[in-house]
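The values are calculated or read from the model by the stated rules, or taken from the named source; none is laboratory data. Small disclaimer: the values here were computed from a predicted structure and weren't measured. Ideal geometry is used to build each Cβ from the backbone, glycine not excepted, and the neighbour counts take in all protein chains shown. Protein only, heavy atoms only, side chains kept; ligands, DNA and RNA dropped before computing areas. Shrake-Rupley method; radii C 1.70, N 1.55, O 1.52, S 1.80 Å.
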Amino acid sequence: STIYVNVKENIRVCLDVKNIKQNPGLPNGCEVVSLAIVLKYNGFDVDPLWLFKNYMPAANIQSNADPWTTYIGDPTSAGLGCYAPCVVKTGNDYLSKQNSSMTVEDVSGQDFSTYEGYINNGIPVIMWGTTYMMDNDTLCRSWKADGKSVVWHYYSHCLVMIGYTEDTYIFCDPLRGVVEYSRSAVEKAFEINFKQACIIK
């Protein structure tokens, strides 16, 4: 008799992206550190703290600023963070000053097959999820900014997707280094943080 065995294909795609740790200098600076990781991958030797001070819009942590456009707090101490459009503006303002033809693009809300396609083409993806990809959507704050409701989750986190396997996604995580998280955990954390992502190309 013949026995047929299905063998799972051993897929592993990973870009050679160097991680930058956010600690100890930027304990709440995962967004600007993630941006700096991808800028460095593209040949720009930029310091994350310098990038924040010179290019990222920021507001006091007690303010009712809009995290979609502004970093709230101080990434070196007490900070909440910001969302994808703020990182896009920061990156594009920096690239413009460098007279670069590259741009930062908001690619939020796509299927993960699209993000895998970027990886296949040598493009890492800045992505929002949660710390350690925890399945936790506990609210830290909610408020009105310019007349619209905004929220911030306790475990919001930004990191850089650099590869994938059959069962996992691979990240440069400013908190941990180069790590793998299960696909299901990444997809849930991505959904918790409004399916945000951006790329540089």
Total residues in the stretch 150-179, condition crowded, with 16+ Cβ neighbours inside 10 Å and in a strand (DSSP E or B)
19
Restricting the search to the stretch 109-131, which residues are in contact (Cβ under 8 Å) with a residue 24 or more places away in the chain, within 21 Å of Ser184 (Cβ to Cβ) and not in a strand (DSSP E or B)?
Gly109, Gln110, Phe112, Tyr115, Glu116, Tyr118, Ile119, Thr131
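From the list Ala189, Ala185, exactly one residue is of a type outside the set (Asp, Glu), assigned to a helix (DSSP H, G or I) and open to solvent by 10 Å² or more (accessible area, probe 1.4 Å). Which is it? If you could, list the steps in order and put the result at the bottom.
Numbers: Ala189 fails: open to solvent by 10 Å² or more (accessible area, probe 1.4 Å).
Testing whether each residue is of a type outside the set (Asp, Glu), assigned to a helix (DSSP H, G or I) and open to solvent by 10 Å² or more (accessible area, probe 1.4 Å) leaves just Ala185.
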Residues of the stretch 50-68 being modelled with pLDDT of 95 or more and open to solvent by less than 50 Å² (accessible area, probe 1.4 Å), which ones?
Leu51, Phe52, Tyr55, Met56, Pro57, Ala59, Ala65, Asp66, Pro67
Would you mind finding the one in Thr138, Thr131 that is open to solvent by 10 Å² or more (accessible area, probe 1.4 Å), over 13 Å from the mean Cα position of the chain (by Cα) and β-branched (Val, Ile, Thr)?
Thr138
Identify all residues within the stretch 77-96 that are free of Cβ contacts under 8 Å to residues at least 24 places away in the same chain and loosely packed, with under 15 Cβ neighbours inside 10 Å; write none if there are none.
Ser96
When you scan the stretch 25-45, how many residues do you find that are in a loop (DSSP other than H, G, I, E, B), crowded, with 19+ Cβ neighbours inside 10 Å and out of contact with any Pro (no Cβ under 6 Å at 6 or more places or on another chain)?
0
